[in-house]
Amino acid sequence: MIRTFFNKKVIIRWHNTNEQFTLEEFIRANCEYPGKWEAEIERIEKTDNLFITAVKVFNKDASFHAVSFIKIEDDKIVLIDEYWGDDGLPPQWRIDMKIGTKII
């Protein structure tokens, strides 16, 4: 069960929407999120007791990227700070400037 990976007093923060969750709220938010979603882990970095992940979350209608900072103590997750962004085209002002190229 997913709860075994978390400290019971874990704090989960979604900075883009200024929300903080308990473990039970976090599980509920993810389980009851509308639609069917898939995810691809694109990158994982580790430094001391901190894991940093970049994940693409998508379905047939939308695509997002999330970067998570996951702090571990005593082999349990004690803190997650997540930052989400919409996938899409650059804003028109940058297209007009003709700068940048596609990553892939």
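The numbers here are math on the coordinates, done by the rules we state, and not lab data. Here the structure is a predicted model, which is why all the values come from computation and not from measurement. Here Cβ is always computed from backbone atoms with ideal geometry, including for glycine, and neighbour counts include all displayed protein chains.
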What the Cα atoms of segment 2-97 span along the principal axes, largest first and in whole Å, is 50, 32, 24
Given the DSSP H assignment, sum -39500 (n - 2.57) over each helix run of at least 4 residues in the chain and divide by its residue total; what's the result at 222 nm in deg cm²/dmol, nearest 500? -3500 deg cm²/dmol
E40 versus Q92: modelled label distance in nm, points set 7 Å from Cα along the beta carbon direction: 3.0
Over the chain, what is the relative contact order in percent, taking alpha-carbon pairs closer than 8 angstrom and at least six residues apart? 25
Over 24 Å (Cα to Cα) - which of K36/K76; K9/K46; K9/K71; K9/K60; K8/K56 fall in this group: K36/K76; K9/K60; K8/K56
Using a Gaussian network model of the chain whose springs link C-alpha atoms within less than 10 Å, name the residue from R94, R43, R28 with the highest mean-square fluctuation. R94
Taking neighbour Cβ counts within 10 Å as the exposure measure, how do H65, H15 sort from fewest upward? H15, H65
Could you give the length gained on full extension between D48 and E24, defined as 0.36 nm per residue of separation minus the Cα-Cα distance, in nm? 6.0 nm
Once you've got the GNM for the chain with C-alpha springs shorter than 10 Å, pick whichever of K71, K36, K46 has the biggest mean-square fluctuation. K36
